Amino acid sequence: MGRVNRRKTVQGAKTLVTGAASGIGKATALAAAARGARLVLTDIDTDGLAATAGEIERAGGTVLLSRALDISDYDAVAEFAAAVHESFGSLDVVMNVAGTSVWGTVDSLEIRHWRRMVDINLLGPINVIERFVPPMVRSGQPGALVNVSSAAGLLALPWHAAYSASKYGLRGLSEVLRFELAEHGITVHLVTPGAVATPLVRTFDLVGVDKENPRVQRVTSLFTRHAVPPEKVAAAILKGIERNRFLVYSSFDIRFGYWWKRKFAFPYELLMRLANRQFSTLKQSVNRDRAVASTPDPDSPATH
């Protein structure tokens with residue numbers, strides 16, 4: 001088969017967006033619709049998904065199909081893909097946006113936390129890729145695959161072991177597919193946002209540490225105060241497709257941090273060791289506070 005030209009725009013493209021009910025997924029669906037994409041949408045949130053589809057259609061955009069499902073459920077994804085292909089044929093653009101987050105140290109994380117990260121953030125996109133990308137290859141038409149990873153897929157951030165396991169996995173998968181799919185005219189784009197002003201950045205699970213503790217909130221606020229709007233990430237994704245960028249950044253700090261890691265490996269290692277020591281000290285202090293607060297007062301009437 002001869003080499004095909006790459007896709008440079010989502011205009012007129014049959015485009016799948018997962019996680020379309022909120023956050024980056026919703027912003028990307030709206031931005032793609034405004035560029036003329038014909039959308040296939042999914043999310044686990046039925047009401048939020050319906051709201052996104054309605055907003056797109058009221059603005060004059062096109063939603064070919066919208067269905068609520070859990071992307072970690074392979075059978076549900078397979079049934080959805082069959083319905084899409086039966087009605088509309090192979091897609092042109094696939095965007096894996098849906099994801100979730102859990103933070104915690106290895107002594108606090110349980111297998112359910114690890115499994116949740118891998119099932120949703122890694123196997124979920126794999127389920128989508130397995131059902132939607134091969135038909136794109138067989139079509140012989142140019143296309144694009146977008147996988148939303150994270151800064152935690154580039155950098156060893158403290159308390160991110162489980163989350164990074166899934167996001168580094170998605171990064172590795174994307175890098176392989178970048179070269180594998182190139183001969184078919186399908187470009188691959190790995191999105192690596194830091195904090196994004198979505199419900200996820202405020203509702204992430206923090207295991208083993210009281211997230212409401214003022215000292216913890218001060219530390220996590222350093223992360224959330226730099227959150228960029230999801231519309232900025234959506235714009236970066238569409239520009240990434242247009243300019244054929246593999247790594248798609250939504251903020252300068254992540255671009256600089258990853259460059260610095262590669263350029264200055266030894267200072268990066270020292271910085272990560274220092275950051276992890278500081279986070280470990282914070283956890284110990286918070287847990288001591290909690291232990292003291294829960295110890296009965298021997299002079300209290302309730303103890304006599």
Requested in this report: Considering each residue of region 70-90, count those that are out of contact with any helix residue (DSSP H, G or I) (no Cβ under 7 Å at 6 or more places or on another chain) and in a helix (DSSP H, G or I), and give that number.
Outcome: 10
Requested in this report: Mind telling me which of the residues Pro135, Pro142 ends up being open to solvent by 10 Å² or more (accessible area, probe 1.4 Å), over 23 Å from Lys239 (Cα atoms), modelled with pLDDT of 95 or more and not hydrophobic (A, V, I, L, M, F, W, C)?
Outcome: Pro135
Query raised in the report: Does region 162-176 hold any residues that are under 14 Å from Val94 (Cβ atoms) and either open to solvent by less than 20 Å² (accessible area, probe 1.4 Å) or polar (S, T, N, Q) (or both), and which are they?
Result: Leu170, Ser174
Query raised in the report: Residues of region 84-140 being of a type in the set (Phe, Trp, Tyr) and under 22 Å from Ser72 (Cβ atoms), which ones?
Result: Trp103, Trp114, Phe132
Query - Ser66 vs. criteria in contact with a helix residue (DSSP H, G or I) (Cβ under 6 Å, 6 or more places away or on another chain), open to solvent by 30 Å² or more (accessible area, probe 1.4 Å) and part of a loop (DSSP other than H, G, I, E, B) - result: no
Report task. Take region 249-271 and flag every residue that is of a type in the set (Phe, Trp, Tyr) and at pLDDT 80 or above. Result -> Tyr249, Phe252, Phe256, Tyr258, Trp259, Trp260, Phe264
Report task. Could you please give the count of residues in region 8-63 that are open to solvent by less than 50 Å² (accessible area, probe 1.4 Å) and of a type outside the set (Gly, Ala, Ser)? Result -> 17
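The values are calculated or read from the model by the stated rules, or taken from the named source; none is laboratory data. Predicted model, so just to flag it, every value in this text is computed and none were measured. Heads up, the Cβs are rebuilt from the backbone with ideal geometry, glycines too, and the neighbour counts pull from every protein chain shown. Remember, those area values only see protein heavy atoms, side chains included, never the ligands or the DNA or RNA. Shrake-Rupley method; radii C 1.70, N 1.55, O 1.52, S 1.80 Å.
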